[in-house]
Amino acid sequence: MSYSDKVIDHYSNPRNVGSFDKKDNEVGTGIVGAPECGDVMKLQLKISSGVIEDAKFKTFGCGSAIASSSLATEWVKGKTIDEAFKIKNTEIVSELNLPPVKIHCSVLAEDAIKAAISDYKKKNEKE
Amino acid sequence: MNIVPEKSGLKSGLDEGLSFFNKEETKRPCWSCESEVEDLYNCSHCTALQQFLKDTDYFTLFELGYLLTIDLDVLEKQYYVLSRKFHPDYYQKTSEEEQMISLENTAHLTRAYRTLKDPKKRMAYLIQLTGQEGDVPAAAPAELFEEILEIQEHLEALEAASSDEQAQWMTALEADLEAMEGHRDAAGEKLKALSFEWDGLEVFRIDHSYSNQQRNCLKEMQRILSHDSYLDRIVEEIREALDEVG
């Protein structure tokens with residue numbers, strides 16, 4: 001099995017690696033893992049008036065997991081929370097041409113986006 | 001049959017009649033002579049080898065109760081006894097049906113043995129068997145994830161380090177390795193304690209339903225087991241990185 005060009009591109013040149021301050025109220029953090037392979041993904045969104053202004057990620061995992069999270073951070077930027085929430089793992093699969101054994105990597109990225117948005121909402125509903 | 005070390009004083013759930021399978025449920029017609037079969041393995045009428053019931057679980061197959069403490073010597077002996085019973089070599093001259101059953105039973109037996117032999121696989125199997133799987137959303141061990149991502153940075157730093165900086169990152173990673181192995185040992189200890197707790201409760205189970213205490217025990221096992229793959233993976237990665245440099 002070989003990686004697609006797009007996976008290799010994201011893997012060797014990942015976009016938006018890094019992190020924001022978790023305590024910042026404008027930041028939503030999603031941290032998820034895939035128990036079947038031990039991959040861990042952290043995705044953070046910086047949100048202002050319902051729009052995702054910036055996104056960062058850190059991933060411990062294979063090339064496909066890194067590429068999936070890198071792509072996810074690119075896609076969510078500029079989207080509203082609701083739009084980002086609708087991103088489906090299947091879109092990541094087709095964009096990156098992931099083989100069936102790597103579909104769980106895209107699921108992880110989708111879960112991370114959703115977890116980050118829920119974290120942001122939870123933080124901001126109290127006030 | 002005694003399945004646990006005698007000193008523990010535990011008896012097999014099956015001996016106590018607590019099995020999920022009672023004789024009623026194992027009754028089925030023999031594929032060969034059509035008389036009623038009660039035995040798990042052979043027809044008492046025509047002695048033809050019987051296919052396992054589709055859902056004969058691994059514990060029942062080995063005539064064990066649903067206990068997590070298993071005497072591995074006894075398990076191994078029983079594995080050999082059953083292997084001899086089903087071994088395809090003995091069925092070379094029999095009908096095709098019986099040969100097929102012998103093959104299938106042997107494959108099923110091997111899977112069962114491999115699962116029960118490994119304490120963690122045995123536990124995961126019990127959780128699955130009791131229908132606990134999926135009940136609990138595998139709660140994300142967020143703290144562990146943070147630690148893993150931090151170690152990931154150390155791994156990257158080591159890879160990018162000049163020869164002067166290498167020693168510093170190796171020291172950091174050695175400390176990481178120790179911490180992760182510490183987590184793993186602690187998890188192992190907790191699982192052991194939970195196994196004993198489960199067995200203690202299971203021996204006194206009086207009907208087909210589990211007590212809340214038993215359910216909680218399974219949930220806690222599942223939670224700890226769910227951390228396992230992450231710990232294994234990160235420990236392996238650190239070891240590889242250190243080996244490469246060292």
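Shown for the range A:5-120 is the translational diffusion coefficient from the Stokes-Einstein equation, using the Kirkwood radius over Cα pairs, a temperature of 10 °C and a viscosity of 1.306 mPa s: 117 µm²/s. Distant-in-sequence amide contacts of B:VAL37, defined by a placed amide H-H separation under 5 Å and a gap of 5 or more residues or a different chain, comprise B:ARG28, B:CYS30.
Expressed in nm to one decimal, what extension gain is obtained for the pair B:GLU240 and B:VAL74 from 0.36 nm per residue of sequence separation less their Cα-Cα distance?
Values: separation 166, 0.36 × 166 = 59.76 nm, distance 3.70 nm.
Fully extending the segment from B:GLU240 to B:VAL74 adds 56.1 nm.
Rounded to the nearest 20 Debye, what is the dipole magnitude of chain A about its Cα centre when Lys and Arg each give +1 and Asp and Glu each give -1 at the C-beta? Provide the component values of the computation, followed by the final result.
On the way: 18 positive and 19 negative charges, 46 e Å.
Using only the charged Cβ atoms, the result is roughly 220 debye.
Charging the Cβ of each Asp and Glu at -1 and of each Lys and Arg at +1, and nothing else, the dipole of the protein assembly as shown about its Cα centre rounds to 860 debye. Summarising the overall dimensions of the protein assembly as shown from its C-alpha atoms, the Rg and Dmax are 26.1, 80 angstrom.
Derived from the Cα gyration tensor, the three semi-axes of the equivalent ellipsoid of the range B:142-245 are 40, 11, 9 Å, largest first.
Helix by helix, which DSSP H runs in chain A go 15 Å or more along their axis at the Cα atoms and have an average Kyte-Doolittle hydropathy of 0.0 or more? If you can, show how the numbers build up before the last one.
On the way: long enough: A:63-76 (20 Å, 0.66); A:103-125 (33 Å, -0.35).
Taking the DSSP H segments of chain A (at least 15 Å long, mean hydropathy at least 0.0), we get A:63-76.
In plain terms, if you count all Cα to Cα distances in the range B:81-131 and split them into 5 Å steps from zero, the share in each step is 5, 21, 21, 17, 13, 11, 8, 4, 0 percent.
The alpha carbon gyration tensor of the range B:75-219 gives principal lengths a ≥ b ≥ c with a/c of 1.5 or higher and a/b no greater than b/c, which makes the shape oblate.
Using Cα pairs closer than 8 Å and at least 6 residues apart in sequence, work out the relative contact order for the range B:35-76, in percent. Rounded, it is 21 percent for the range B:35-76. Over 32 Å apart at the Cα level, from the set A:LYS46/B:LYS121; A:LYS122/B:LYS219; A:LYS123/B:LYS219; A:LYS22/A:LYS86; B:LYS85/B:LYS190; A:LYS114/B:LYS117, are A:LYS46/B:LYS121; B:LYS85/B:LYS190; A:LYS114/B:LYS117. Accessible-area loss of 40 Å² or more (1.4 Å probe, protein heavy atoms, chain alone versus all protein chains) is found in the range A:17-61 for A:ILE31, A:PRO35, A:VAL40, A:LYS58, A:PHE60. Only helical runs count toward this figure. For the protein assembly as shown, summing -39,500 (n - 2.57) over DSSP H runs of n ≥ 4 and dividing by all residues gives -18500 deg cm²/dmol at 222 nm. When chains B and A come together, the accessible area they lose, probed at 1.4 Å and totalled over both chains, is close to 1300 Å².
The values are calculated or read from the model by the stated rules, or taken from the named source; none is laboratory data. Since we're looking at a predicted model, the values are computed, not measured. Note that each Cβ is placed from the backbone with ideal geometry, even for glycine, and that neighbours are counted across all protein chains shown. When the accessible area is computed, the model is the full protein with side chains, heavy atoms only, and any ligands, DNA or RNA have been set aside. Shrake-Rupley method; radii C 1.70, N 1.55, O 1.52, S 1.80 Å.
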